[in-house]
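Here is the structure we will look at.
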Amino acid sequence: MIFIDSEQKLWGMDQLLRDAARRSLEYLRKASDRPVCPPEAALRRLDELDPKLPDDPTPAAETLRLIDDFASPATVTTTGPRYFGFVVGGALPVSVAAHWLATAWDQNVGMAVMSPSASRLEQVAGAWLLDLLGLPPTSACGFVTGTTTAHITALAAARHAVLARAGWDVERRGLNGAPPVQIVGSREIHSSLYRALAVLGLGRDGVTHVDVDSQGRLRPDRLPPLRAPAIVVAQAGNVNTGAFDPIDELCAAAAEAGAWVHVDGAFGLWAAAAPSTRRLVAGLAGADSWATDGHKWLNVPYDSGVAIVRDPAAVRAAMAMSASYLVRGQQDGMEFTPELSRRARGVDVWAALRTLGRSGVADLIERSCAFARRFAEQLSAAGAEILNDVVLNQVLVSFGSDERTRRTVEGIQKEGTCWCGTTEWQGRVAMRISVSGWNTTADDVNRSVAAMLRVWSKTVL
């Protein structure tokens, strides 16, 4: 057997977890100095993790050593200060520590009776989020894996509500024969929303697309007539430009037609937490549901998303389940997410918010935006073209032709000082810079710009 007796079992666990902590700290200490993109040699060594499944047990310490020796060197250093791809933030030290502790607890927060402490931490974290983001204080918060699942959760509540108003019980009767739901959103809505609509049976092709302006903002003058049952999707933070749809105008139009407004705020919703960016989300509290990530701009570990719904009864109805063995409390986590069993994600969020406080979150947002502007100013001064108005933490950069831009970005990724991705924006290839890490400094921006320009100067067609 792996463990012989209780004394040896406890000793082995203590040694193993201490070793895991030592290895984790060593990894994090070196994050600032490592190449952001893993070297080819490290990627080739991943084959060592794919042998035949052993017939006999392996000592746990050896298993941990194998993971660290072969997997750690092949990671992308997303937790470092110079990763600017995919709107990925690092992880605050306190959120990592809380994550470790909550993992040791191994709590299932589907029902409060299974974890009173973790459930209470999630309830408090949810209330703090609503306060910080200026959303209705009686809204329901569900801690999910990310914005995609938050969309599914919130839009399930929307589907329930708009069809219930039309006299249709979608949870009992399904969508066959239901009144068609009008879905309206801009041509720039994120792919995760299409996935959510497909999962919910509302269909990717059922979206009525509205034209956008040069920054990707929905043009309210092009909004079609709304007819109930209807759902309007607004974007808080375009994934390329960082621009915001006119949420206040969309909420006003929806209110007249009895439509539901859902806000995709995967990272942009956090603009509401900072004085200098709060104007971008004017009218935010007038919507009916919101989706955001904690693992982006709040810098908590994966996976962490939040589904927020103004009417708790709507999301409870959409997520309803029952069984004779379930012990129901006044506020169980399973009422607000698609999952019954899940980890205590809200603990990480509570720890981050309790440590940062209101001013700390605002500083994180405003610092990231300032660094985005710094990127744009320095690259523009060197001759690169900035393709967007830098209103948040997103910068789109062209280094000339599409092909030269593409090759320059590939060179930047391989060079290793920093990492940025490519995108296409209104017919042009661009490098996308997303600044959202707590440990990024002005020096990191300067070093990254220098590397970008160095690679660009050597990129020839």
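Please go through region 387-402 and pick out each residue that is in contact with a helix residue (DSSP H, G or I) (Cβ under 8 Å, 6 or more places away or on another chain) and among the aliphatic types (A, V, I, L, M).
Once the filter is applied, which keeps residues that are in contact with a helix residue (DSSP H, G or I) (Cβ under 8 Å, 6 or more places away or on another chain) and among the aliphatic types (A, V, I, L, M), region 387-402 yields Val390, Val391, Leu392, Val395, Val397.
Residue-wise test of (1) at negative phi; (2) modelled with pLDDT of 95 or more; (3) basic (Lys, Arg).
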residue	(1), (2), (3)
Val96	yes, yes, no
Trp100	yes, yes, no
Trp105	yes, yes, no
Met111	yes, no, no
Ser115	yes, no, no
Arg120	yes, yes, yes
Leu135	yes, yes, no
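Condition (residue is hydrophobic (A, V, I, L, M, F, W, C) and outside any loop (DSSP other than H, G, I, E, B)) applied to region 319-331: is it met by at least one residue?
Scanning region 319-331, I find no residue that is hydrophobic (A, V, I, L, M, F, W, C) and outside any loop (DSSP other than H, G, I, E, B), so the answer is no.
Out of curiosity, is Ala252 surrounded by fewer than 18 Cβ atoms within 10 Å (Cβ to Cβ), at pLDDT 95 or above and touching a strand residue (DSSP E or B) at 6+ places or on another chain (Cβ under 8 Å)?
no
Enumerate the pairs (first residue in region 375-389 and touching a residue at least 40 places away in the same chain (Cβ under 8 Å); second residue anywhere and surrounded by 14 or more Cβ atoms within 10 Å (Cβ to Cβ) and aromatic (Phe, Trp, Tyr)) with beta-carbon separation below 8 Å, excluding pairs fewer than 6 apart on the same chain, so at least 6 apart or on different chains.
The qualifying pairs are Ala384/Phe399; Ala384/Trp456; Leu387/Trp425; Asn388/Trp425.
Just wondering, is there one or more residues in region 27-35 that are surrounded by 16 or more Cβ atoms within 10 Å (Cβ to Cβ), of a type in the set (Gly, Ala, Ser) and in a loop (DSSP other than H, G, I, E, B)?
Yes: region 27-35 contains one or more residues that are surrounded by 16 or more Cβ atoms within 10 Å (Cβ to Cβ), of a type in the set (Gly, Ala, Ser) and in a loop (DSSP other than H, G, I, E, B).
Please identify the pairs in which a residue from region 27-46 that is under 20 Å from Val445 (Cα atoms) and in contact (Cβ under 8 Å) with a residue 24 or more places away in the chain has its Cβ atom under 7 Å from the Cβ atom of a residue that is of a type in the set (D, E, K, R) and assigned to a helix (DSSP H, G or I), counting only partners at least 6 apart or on another chain.
If the second residue must be of a type in the set (D, E, K, R) and assigned to a helix (DSSP H, G or I), the pairs left are Cys37/Lys414.
Which condition number does Glu339 fail, the rest of (1) within 18 Å of Thr147 (Cα to Cα); (2) acidic (Asp, Glu); (3) surrounded by fewer than 17 Cβ atoms within 10 Å (Cβ to Cβ) being met?
(3)
How many residues does region 255-302 hold that are of a type in the set (Lys, Arg), surrounded by fewer than 24 Cβ atoms within 10 Å (Cβ to Cβ) and either in a loop (DSSP other than H, G, I, E, B) or in contact (Cβ under 8 Å) with a residue 12 or more places away in the chain (or both)?
So the answer is 1.
Which one is farthest from the chain's Cα centre (by Cα) among residues in region 412-452 that are assigned to a helix (DSSP H, G or I) and surrounded by fewer than 17 Cβ atoms within 10 Å (Cβ to Cβ)? Steps first, please.
Taking region 412-452 first, the residues assigned to a helix (DSSP H, G or I) are 412-415, 442-452.
So of that shortlist, the ones also surrounded by fewer than 17 Cβ atoms within 10 Å (Cβ to Cβ) come out as 414, 442-443, 446-447, 450.
On the way: Lys414: 25, Ala442: 24, Asp443: 26, Asn446: 26, Arg447: 26, Ala450: 29 Å.
Looking at the filtered set, the residue picked out is Ala450.
Taking only region 38-97 into account, find how many residues are within 29 Å of Ala351 (Cβ to Cβ) and in contact with an Asp or Glu (Cβ under 7 Å, 6 or more places away or on another chain).
Matching residues across region 38-97 total 5.
Among the numbered criteria (1) out of contact with any Cys (no Cβ under 9 Å at 6 or more places or on another chain); (2) assigned to a helix (DSSP H, G or I), which one does Gly346 miss?
Of (1) out of contact with any Cys (no Cβ under 9 Å at 6 or more places or on another chain); (2) assigned to a helix (DSSP H, G or I), only one is false for Gly346: (1).
Can you pull out every residue in region 365-386 that is buried (at least 22 other Cβ atoms within 10 Å of the Cβ) and more than 20 Å from Arg447 (Cα to Cα)?
Residue satisfying the conditions is Ile365 alone.
Take residues that are surrounded by fewer than 23 Cβ atoms within 10 Å (Cβ to Cβ) and tell me which of the strands (runs of 3 or more DSSP E) falling wholly in region 125-235 contain 2 or more.
Because the criterion is at least 2 residues that are surrounded by fewer than 23 Cβ atoms within 10 Å (Cβ to Cβ), the strands (runs of 3 or more DSSP E) in region 125-235 that meet it are 207-210.
Got at least one residue in region 303-311 being assigned to a loop (DSSP other than H, G, I, E, B), modelled with pLDDT of 95 or more, closer than 24 Å to Gln394 by Cα and not hydroxyl-bearing (Ser, Thr, Tyr)?
yes
The values are calculated or read from the model by the stated rules, or taken from the named source; none is laboratory data. Worth saying up front: this structure is predicted, and the values here are computed from it rather than measured. So basically every Cβ, Gly included, is an ideal-geometry build from the backbone, and we count neighbours across all protein chains shown.
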